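Following: one structure in C-alpha cells, then a few remarks.
What follows draws every value from the coordinates through simple rules; no lab data is involved. Just so it is clear, the model here is predicted, and its values are computed rather than measured. Quick reminder, even Gly has a Cβ in these numbers, built from the backbone with ideal geometry, and neighbours come from all protein chains shown.
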Amino acid sequence: MYLTDRSAPPKAGAGQGPRRGPGRKVAPVVLVLGTVSLITDISSEMVTAVLPLYLVTTLGFSPLGFGTLDGVYNGVSALVQLTGGHLADRIRNHKLLAGLGYGLSALCKPLLLLAGSIGTLGAVLALERTGKGLRTAPRDAMISLSTPAAKQGRAFGVHRAMDTTGAMLGPLAAFLILRAAVDGYDAVFGVSACVAALGVLVLVLFVPGRKRGGASDDASTPAGADVPQGKQPVRIREALALLRVPRMRALAGCAALLGLTTVSDAFVYLLLQRRAGIGEEWFPLLPLGTAAVFLLLAVPFGALADRIGRRTVFLAGHAVLLAAYALLLWAPATSALPMLVLALHGTFYAATDGVLPAALADIVPSHLRASGLAIVGTSQALARFCCSLAFGAAWTLWGDGPALAGSAIGLLCCALVAGMVLRPADGTR
C-alpha cells in the first residue's frame, strides 16, 4: 500500500493538479487554507487549552465524566466526517461544505458561556465537533487534489505547520486572558468566538469556489480536472466500495487500531501536570510545547515521508509517542520532564498527522477523495473516542498510573501489528 512505499510517479487521471514549475512548492489554495486553519486553531485551542482544568477543577467533573465529554468531543466529529466527505463529493463543492463546518463551529463558541452542566456542555461540544467533522474531509480533499502525488507529504506538512501556528498562539492567548481578565474563562470563550468568525470570513473571501460554467470544479482543481463533465453524483454505495480496496481497508484498519491506544491530548496534559507538579496557572501553556515542536517538524517530516516511505515515518511517530508514555510513567519529576514529554508529543503529531492523509493520494480516485479521507479519519477518530472513554474509566477505577501503563502496552502491541499489516510485499520501506 502507498503508506508503505516510496512516492511513486503520479498516475494519469489520478486526480493530480496542474503541472507546476520547479520553484513552486505548494499550491496557493494550500496556503490560503492553511491561513484559515491557523485562525480557526487560535480559536479552538484557546478553548481546548483551558477546558480540561475548567471541567475538572471549576465544575468538579470526575476523570470518568471528563473522559465522557472528551470522547464526545472527538467521537462526534468522527461520525460527521463521513457525511461531510460524502456530501462534498456528491455536490462537488468542497468549499461549501468546509464553510458550513467552520461556520457551525464558530457559532458554538459563545454557547460555552451558557453551559454549566455535563448535559449542556456535551450538547454544545457535540455541535461544535459536528462543524469540525463537516469541514475536515472537504478541506483535506482540496489540499490533496491541488497537489501532485509525489508531493502530498510536503503539502500536508505545510498546511499542518500553519495550522499548528494557530495551535501555538491559542494557548498563549488563553494564558494571557486568564491572567488579565476577572472572569477569565468567560473572556476566553468570548474572544474565541470572535476569532472563529474571522476564520470563516477569510475562507469565504479568499478560498476560490465553484468555477462558473464548470460542472463541478472547486478550489482544489482546475476546470474539468476533478470530475468529468456530466458525471453522475457520487452515491453512498460507490463511496463505501472503497473499503473493498485492500490498501484502503488496511490503512483504515491500522489507523483505528492505533487510535484505540492513543491517549487524548487533554489526558496527556492532565497527567503531565500531576506528574511534574505544574501550577494551574501554567496549565494552558502545555499545548504550546506540543504545538511548537509540531510546527518545526511538520514540513521536514512530510518531505521525509515522501522520500523514504510513509509507513516508516508513520510507525516511527507512534514509537515516539510510546517513549512519551514511558517518561510519564517512570521518569523522575524533574524540571526537564515537561519539556521532554511535550517534545515527544509534538514529534508524534509531526510524523503522523499529515502523513496519514497524504497516503491516500495513490489509493483513492479524485472524485472520491473527500469520502476516502473521511473513512480513514472516521476510523481513527472513533477509535480515539473509545480510548477516551476507556482511559477515563480506568483512571477512575484504578488510578492514572495503571491506566497509562495499560495504554502503553496496548500501543506497543498495536504498533507491532500495524507494522506487519502495512509491510510492503516487495520489501521496500
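Add +1 for every Lys or Arg and -1 for every Asp or Glu among the other residues with Cβ under 14 Å from the Cβ of Tyr349, and state the total. Once positives and negatives cancel, what remains is -3.
Within the range 42-110, the ratio Rg/Rh, alpha carbon atoms throughout and Rh by Kirkwood, equals 1.09.
In a shell of Cβ-Cβ distance under 9 Å around Gly34, excluding Gly34 itself, what net charge do Lys and Arg (+1) and Asp and Glu (-1) give? Don't jump to the answer; show the numbers that get you there.
Values: positive: Arg160; negative: Asp163.
So the environment of Gly34 carries a net charge of 0.
Residues Tyr269, Tyr325, arranged from fewest to most other Cβ atoms within 10 angstrom of their Cβ, appear as Tyr325, Tyr269.
Residues Leu286, Leu240, Leu169 in ascending order of nearby Cβ atoms (within 10 Å, fewest first): Leu240, Leu169, Leu286. Ranked by the mean number of other Cβ atoms within 10 Å of their residues, highest first, the peptides 119-130, 348-359 come out as 348-359, 119-130. In this simple spin-label model, placing a label point 7 Å from the Cα along the Cα-to-Cβ direction at both Arg423 and Thr120 gives a separation of 5.5 nm.
How do Ile409, Ile91 line up, fewest other C-beta atoms within 10 Å first? Working shown, then result.
Numbers: Ile409 13, Ile91 16.
Result, fewest neighbours first: Ile409, Ile91.
Measuring r between the beta carbons of Ala331 and Ile91 and using R0 = 45 Å, the FRET efficiency lands at 0.30.
Descending by average beta-carbon neighbour count within 10 Å, the peptides 28-37, 414-423, 245-254, 42-51 line up as 42-51, 28-37, 245-254, 414-423, the highest first.
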